Amino acid sequence: MAEQRLLPRRAEDFASPAFWERFFRERGERVFEWYGGWRGLREPLGRYLRPRDSILVVGCGNSELSEQLYDEGYQDIINVDISDLVVKQMQERSASLRPKMTYMVMDVLQMDFPDVCFQVVLDKGTLDALLTDAEESSLSRAERMFSEIGRVLQFGGRYLCVSLAQGHVLKAVVEHFYKKGWMVRIHQVSTNEAGTSEGEFALPVFVYVMTKMKPVPGSNLCILELCAEAQEKPDRFKSTQQLIEAVKERQQYCLLRSQLSRNPNAGTISLDLYSEETSQVRYSLHVVHNPTVKVSHDNQFAIFIIPQGRETEWLFGTEEGQKQLAASAGFWRLVTVGLHRDQQYKDMGTIQAELSEKVMELAPPGLPAQQQVPFLSVGGDIGIRTIRHRATSPWSGEYVIEDVKGDDARYFRRLIFLSNRNVVQSEARLSSRTSHKGNKKHKKKKNTASSSQVEPTSVSATPSIDKSYLCCAHHRAMVAGLCLLKNPECLPEAQIHVLVIGLGGGSLPLFIHDYFLQCCIDVVEIDPAMLEVATHWFGFFPGDRLKVHIADGLAYVASLATKASSSYDVVMFDVDSKDTTLGMNCPPPGFVEKSFLQKVRSLLKTEGIFILNLVCRDPLLRNDALATLKEIFPLLYTHKIEEEVNEILFCQQQTRHKLLPVDLQETAQILEKALRQPGQAWDSTYVLADVLEAVRLV
């Protein structure tokens with residue numbers, strides 16, 4: 001505990017000469033190592049040091065690094081530090097053992113050395129201590145330090161800086177020397193060697209190698225490179241931003257490995273891997289553990305490639321689903337790998353070749369280095385994703401329309417808002433597709449690039465929408481809510497007026513229109529771009545019984561409430577919130593406020609029904625919403641969508657006709673027969689009685 005009292009109260013104190021004078025006085029002669037000694041730094045530093053080099057060590061402190069370098073044969077070393085006390089300590093320590101070693105009191109921001117007099121400037125932790133934050137004063141100090149280092153270095157000389165590469169430090173040092181035309185290379189120090197006398201850092205240690213180049217008129221050739229841990233040949237980058245992102249990725253990776261090392265049974269841990277070419281996310285890794293499995297030689301570790309377009313499914317896109325996937329796969333540690341849109345993937349073998357080295361770093365301790373690790377997938381391929389359209393809406397932001405291959409080789413069209421890219425906003429099954437041979441079993445593929453093939457599969461350029469199929473389970477439940485209308489067996493004799501707030505791809509109102517001929521539907525959508533999406537990509541067409549109003553749902557309902565009352569048999573809300581920071585994703589909070597719900601009730605006939613798609617992860621917000629709904633609509637049913645966050649609420653004003661679940665099923669069977677369009681088939685998977693099995697009274 002005494003060591004902790006030596007640390008400053010504020011980060012900026014690291015840049016204070018008074019702090020370091022006090023620090024070394026209280027610490028005495030005990031060595032303090034920032035980021036390890038020569039043993040851990042030998043591999044990267046040794047590449048850029050020659051015994052004949054004149055070396056300047058800035059901010060030497062009482063580290064043993066200079067002494068270790070001297071003993072290795074690098075004897076032309078001058079050490080400087082701002083602390084008079086530590087310089088005297090180091091002079092006394094080396095006087096007899098290292099007579100050529102020099103220690104001087106000097107400020108690295110204003111050194112007394114002549115220009116171009118050193119081949120190497122070595123810095124271990126000094127820049128990190130000086131550049132404590134991204135404030136203007138700190139950045140100004142760093143610029144002065146860089147300027148002095150550039151002044152005293154010869155052309156061809158190297159500035160070797162050992163650092164934790166915190167974001168603001170990394171950005172400052174890379175951008176400064178890149179603009180100066182220096183060669184910029186960064187080495188990651190091996191975690192097997194890096195460490196300090198005070199314990200190990202959670203973040204990896206890096207060595208910046210900045211080589212001073214002689215300016216060439218008319219040339220703007222600058223080199224940006226990263227040599228990752230145990231990597232012989234460095235990776236080259238086109239921009240400073242790409243290099244910085246690559247370093248951040250390595251830091252994330254080391255933090256993840258540190259978490260796994262400290263707690264091998266940790267919960268799900270996630271990491272993104274970026275493409276060097278585009279700087280965009282290429283792979284998303286999730287490390288999942290299955291503590292119930294009995295660990296053996298063959299079931300410790302596996303990699304699961306999630307097919308393209310299926311990352312939104314419950315099994316692959318939620319923590320609970322991934323745990324179930326790990327259990328069914330039968331491995332103690334499973335790394336699931338998500339593939340991203342806008343990235344090209346040739347085949348499974350190419351993915352394995354890209355990932356093998358990185359994912360093996362996540363292997364459990366004790367796994368033999370030569371053991372082949374299974375790569376698993378669904379059906380043995382990587383899936384198919386085709387982006388059909390991309391655009392930006394002022395209301396919804398950037399969005400894409402994509403066709404993906406789902407289970408059993410069926411193809412689906414999806415609307416995705418990129419602000420919430422793992423949520424499918426609308427989905428429709430395509431009726432035009434080619435056959436695809438495959439199955440749902442997990443096929444094991446060893447990590448060799450030649451071990452897997454993908455069967456060619458394609459989607460018709462102009463597929464049609466299968467309007468008989470509702471993809472979304474919450475839409476099926478909302479349609480089933482029509483069972484709560486009074487005397488559904490008599491409904492064919494009277495029109496049903498339906499108000500739907502929220503269009504999306506139009507699947508819900510279109511299904512009601514096509515299969516329930518008694519329904520006249522008004523749809524309200526705030527975003528005009530969604531009407532274009534629905535008509536152009538999802539087979540939606542307005543008509544006499546299906547009208548679309550481009551308006552704010554809140555304002556539209558409020559306007560109707562002032563003009564008329566009791567005009568609708570059914571009101572449906574299926575509208576998402578554009579604010580993803582809220583605990584309630586659907587609907588926006590304004591749609592469940594008491595004053596607005598009273599307006600909704602005024603639009604409903606006495607025996608009408610209000611059906612709401614609720615997506616709320618905050619239990620307090622959910623309870624408040626239910627309490628408000630119960631206050632306005634005394635009869636309230638809820639149906640939780642299995643394996644999803646969605647919950648469908650069925651709200652009515654009448655309480656004297658409460659229905660038990662068995663009554664709902666019987667009524668659903670009547671509705672099935674009464675409302676279906678005569679002579680037109682719909683998908684056999686939709687039996688309304690089955691949808692309502694889990695309905696309960698709130």
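The values are calculated or read from the model by the stated rules, or taken from the named source; none is laboratory data. Quantities reported herein were computed from a predicted structural model and do not represent experimental measurements. Glycine also receives a Cβ, built like all others from the backbone with ideal geometry; neighbour counts cover every protein chain displayed. For the accessible areas, the whole protein counts, side chains as well, though only heavy atoms, and no ligand, DNA or RNA atoms are used. Shrake-Rupley method; radii C 1.70, N 1.55, O 1.52, S 1.80 Å.
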Notebook entry, point to check: List the pairs whose first member sits in the range 94-117 and is closer than 17 Å to D84 by Cα and in contact (Cβ under 8 Å) with a residue 24 or more places away in the chain, whose second member is part of a loop (DSSP other than H, G, I, E, B) and of a type outside the set (V, I, T), and whose Cβ atoms are under 6 Å apart, counting only residues at least 6 apart or on separate chains?
Noted result: S94/M101
Margin query: Residue pairs, Cβ under 8 Å, 6 or more apart or interchain, first in the range 599-610 and without any contact (Cβ under 8 Å) to a residue 40 or more places away in the chain, second of a type outside the set (A, V, I, L, M, F, W, C) and surrounded by fewer than 19 Cβ atoms within 10 Å (Cβ to Cβ). List them.
Written below: K605/S566; K605/S567
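Which helices (runs of 4 or more DSSP H) sit wholly inside the range 237-344 and have at least 1 residues that are on the phi < 0 side of the Ramachandran plot and polar (S, T, N, Q)? Write out each step before concluding.
Values: elements: 240-262, 314-317, 319-329.
Counting at least 1 such residues, we get 240-262, 319-329.
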Notebook entry, point to check: Can you tell me how many residues in the range 119-156 are open to solvent by 10 Å² or more (accessible area, probe 1.4 Å) and of a type outside the set (D, E, K, R)?
Noted result: 14
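Condition first: part of a loop (DSSP other than H, G, I, E, B), charged (D, E, K, R) and more than 29 Å from H168 (Cα to Cα). Now tell me which residues in the range 91-113 satisfy that.
Initially, the range 91-113 is screened for residues part of a loop (DSSP other than H, G, I, E, B), giving 95-101, 106, 108-109, 111-113.
Right, trim to charged (D, E, K, R) and you get 98, 100, 112.
Selection gives R98, K100.
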Margin query: Residues to consider are V87, V116; find the one that is surrounded by fewer than 15 Cβ atoms within 10 Å (Cβ to Cβ), among the β-branched types (V, I, T) and not in a strand (DSSP E or B).
Written below: V116
Next item on the list: Give the residues of the range 372-399 that are open to solvent by less than 40 Å² (accessible area, probe 1.4 Å) and over 17 Å from Q308 (Cβ atoms), sorted by residue number.
Entry: V373, P374, A391, S393, S396, G397, Y399
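Quick grid of which residues meet (1) open to solvent by less than 50 Å² (accessible area, probe 1.4 Å); (2) over 19 Å from Y556 (Cα atoms); (3) at pLDDT below 90; (4) assigned to a helix (DSSP H, G or I):
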residue	(1), (2), (3), (4)
S595	no, no, no, yes
Q598	no, no, no, yes
R601	no, no, no, yes
T606	no, yes, yes, no
I609	yes, no, no, no
L612	yes, no, no, no
L620	no, yes, yes, yes
D624	no, yes, no, yes
L629	yes, yes, no, yes
Margin query: Between V571, V645, which is among the β-branched types (V, I, T) and either over 37 Å from the mean Cα position of the chain (by Cα) or at pLDDT below 90 (or both)?
Written below: V645
Item checked: Residues located in the range 401-442, provided they are modelled with pLDDT under 70 and part of a strand (DSSP E or B) -> H442
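Quickly run through the range 512-537 and pick out the residues that are of a type in the set (F, W, Y) and touching a Lys or Arg at 6+ places or on another chain (Cβ under 7 Å). If you could, list the steps in order and put the result at the bottom.
Quick first cut of the range 512-537, residues of a type in the set (F, W, Y) only: 515-516, 537.
Once the filter is applied, which keeps residues that are of a type in the set (F, W, Y) and touching a Lys or Arg at 6+ places or on another chain (Cβ under 7 Å), the range 512-537 yields Y515, W537.
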Check: Do the conditions hold for E647, that is, is it of a type in the set (D, E, K, R), within 30 Å of E398 (Cβ to Cβ) and not in a loop (DSSP other than H, G, I, E, B)?
Finding: yes
Item checked: Checklist (1) part of a helix (DSSP H, G or I); (2) at pLDDT below 85 applied to Q370, failing item -> (1)
